[in-house]
1. At residue 37 and residue 139, where each label point lies 7 Å from the Cα along Cα→Cβ, what is the point-to-point distance in nanometres?
2. So which chymotrypsin sites (Phe, Trp or Tyr not before Pro) in the stretch 41-139 pass both tests, a DSSP loop state and at most 11 other Cβ atoms within 10 Å of the Cβ?
3. Provide the gained length on full extension for the span residue 152 to residue 49, in nm with one decimal, where the gain is 0.36 nm per separating residue minus the Cα-Cα distance.
4. Need one number: nm distance between label points at residue 76 and residue 112, each 7 Å from Cα along Cα→Cβ, rounded to one decimal.
5. Can you give the extra length, in nm with one decimal, that the chain gains between residue 126 and residue 96 once fully stretched, where that is 0.36 nm per residue apart less the Cα-Cα distance?
6. Name the shape class, rounded, prolate or oblate, that the alpha-carbon gyration tensor gives for the stretch 96-157, where a ≥ b ≥ c are the square roots of its eigenvalues, rounded holds for a/c under 1.5, and otherwise prolate holds if a/b is larger than b/c and oblate otherwise.
7. How much net charge surrounds residue 69 when only other residues with a Cβ under 12 Å from its Cβ are counted (Lys, Arg +1; Asp, Glu -1)?
8. Near residue 54, within a Cβ-to-Cβ distance under 15 Å, what is the net charge of the other residues, with Lys and Arg +1 and Asp and Glu -1?
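Please treat every number below as a calculation from the coordinates, not as lab data. Since the model is a prediction, treat every value here as computed from it, not as a measurement. For neighbour counting, all protein chains shown are included, and Cβ atoms are generated from backbone atoms with ideal geometry for every residue, glycine included.
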Amino acid sequence: MKKLLGILLVVALAYSGHAQTADKAYLLNTRTIGVGTPSIKATRDFWKRAGEGKNEQWYQLSQGGLLAVYTEKGIRGRYFYDKSGYWVYSIRQYSEKQLPADIRKLVRSTYFDYSIGWVQEINQRNDLVYVVHIEDEKKWRDLIVADGEITVWKEFDK
């Protein structure tokens with residue numbers, strides 16, 4: 001139960017952090033990203049985690065951190081770094097096609113009347129959490145899938 005509360009906190013922070021950065025971030029020129037040690041460290045880490053050649057765009061956050069954003073083959077990735085250039089967390093958003101088979105099977109077997117709309121994969125340190133948006137004719141649900149367990153996070157009537 002304690003771990004589930006921690007995971008919910010990570011998810012909530014990821015959502016609130018993204019909402020706050022959207023209006024307080026500004027795009028960095030690709031030539032200025034390599035000026036300081038934190039940006040070099042963040043760039044190298046991003047290439048190690050996501051791969052090179054992603055055509056990522058870098059944003060300077062108001063808290064002093066960095067944000068790398070890319071879109072490739074239907075996957076939208078956002079990687080957040082602190083002001084020292086260390087990776088904090090990442091969010092990848094994609095469709096049901098890119099969802100790992102075991103997670104898809106778990107959601108489909110539990111909510112077989114629902115269709116999967118989108119997925120957000122949130123990775124912070126060693127915690128990997130999936131937020132899966134499902135819907136049927138009457139409801140929308142956002143599920144949190146972590147450690148083989150499903151928790152209903154939000155539920156809306158249409």
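1. Rounded to a tenth, the inter-label distance reads 5.3 nm.
2. Details: sites: 46, 47, 58, 59, 70, 79, 80, 81, 86, 87, 89, 94, 111, 112, 114, 118, 130; in loops: 86, 111, 112, 114.
Here the chymotrypsin sites (Phe, Trp or Tyr not before Pro) that fit, given the DSSP loop and packing criteria, are 112.
3. Full extension from residue 152 to residue 49 adds 34.1 nm.
4. 3.3 nm
5. 8.5 nm
6. On the way: a/c = 1.92, a/b = 1.53, b/c = 1.26.
Here the stretch 96-157 falls in the prolate category.
7. Neighbour charge sum, excluding residue 69 itself: +2.
8. Local charge sum for residue 54: +3.
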